[in-house]
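We did not get these values from a lab; they are worked out from the coordinates using the rules stated. Small disclaimer: the values here were computed from a predicted structure and weren't measured. Positions of Cβ are generated from backbone atoms using ideal geometry, with glycine treated the same way; all protein chains shown enter the neighbour counts.
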Amino acid sequence: MSANLAKAFALSRELSDRFTVMFREAPALSISQSLDTLGNPVISINDGTPAAGEQNMVLRIVEMAGITNNSVGLAQPSYGPHIAQLVMESSATPGVAVVLSVHQMRVMSMLSKFGLRLELYLRANGAIPAVADITTGNLVTTITDLYFKMNNDM
């Protein structure tokens, strides 16, 4: 992991601004920004008082790890592409999120405009989604650009 998080922060700020405008329409949700323990930007989308079984999403923006070392043997900085990791709570039906389709469409349509690789995670029913739920066991699918795979799937 590179220490260069400038692009991840810029993407997070722009997405937060756009989500704030987008989620003003009914059914409205609030947007908040924070950092995970590694300093990656995190966007929380919820009704302001998150609880299990409600409309809660957590989105983390991480840079894709460099695949080689630089000329002096250190980890190569990664300036892109980036990964959007979206976590939602699963409903009682396996593979179906609690979050309404209208909210999912708003988030995913915006993420697709930025050329981000999307990783979708569903955590078990009964708890609020969190960054800690971004594990391989919760990964449902990975969505990359069909025509420009080099942009977000290296």
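Give the distance, in whole Å, between the Cα centre of the stretch 93-125 and the Cα centre of the stretch 9-51.
Using only Cα atoms, the two centres lie 14 Å from each other.
Expected output is a single nm value to one decimal: the length gained when fully extending between Ala51 and Ser34, i.e. 0.36 nm times separation in residues minus the C-alpha distance. What is it?
On the way: separation 17, 0.36 × 17 = 6.12 nm, distance 1.82 nm.
Taking Ala51 through Ser34 to full extension adds about 4.3 nm, to one decimal.
For Glu89, Glu25, Glu54, what's the fewest-to-most ordering of other Cβ within 10 Å of each Cβ?
Details: Glu89 24, Glu25 10, Glu54 14.
Taking fewest neighbouring Cβ atoms as first place, the list is Glu25, Glu54, Glu89.
Could you work out which residue, out of Gly95, Gly73, Gly48, moves most in a Gaussian network model of the chain, that is, has the largest mean-square fluctuation with Cα springs under 10 Å?
Sorting by GNM fluctuation, first place goes to Gly73.
Quick one: compute the contact order of the chain, relative version, from alpha carbon pairs under 8 angstrom and 6+ residues apart, as a percent.
Result for the chain is 21 percent.
For a quick check: with amide H placed at 1.01 Å from N, whose amide H comes under 5 Å from Ser30's, ignoring anything fewer than 5 positions away on the same chain?
Counting only residues 5 or more places away or on other chains, the set is Asn46, Asp47, Gly48.
In what sequence do Lys113, Lys7 fall when counting other Cβ within 10 Å, fewest first?
Lys113, Lys7
So how far apart, in nm, are the two label points at Lys113 and Thr93 if each is 7 Å from Cα heading toward Cβ?
The modelled label-to-label distance comes out at 2.9 nm.
Using only DSSP helix segments of four residues or longer, with each worth -39500 (n - 2.57), what per-residue ellipticity at 222 nm results for the chain after dividing by its residue count and rounding to 500?
That calculation yields -6500 deg cm²/dmol at 222 nm.
With 28 Å as the cut-off, how large is the P(r) tail for the chain, expressed as percent of Cα-Cα pairs?
More than 28 Å apart: 19 percent of the Cα pairs in the chain.
Run through the DSSP bridge list for the stretch 31-130 and note the antiparallel percent, rounded to the nearest 5.
70 percent
Suppose we look only past 16 Å in the calculated P(r) of the stretch 1-54. What percent of the Cα-Cα pairs does that tail hold?
Percentage above 16 Å: 48.
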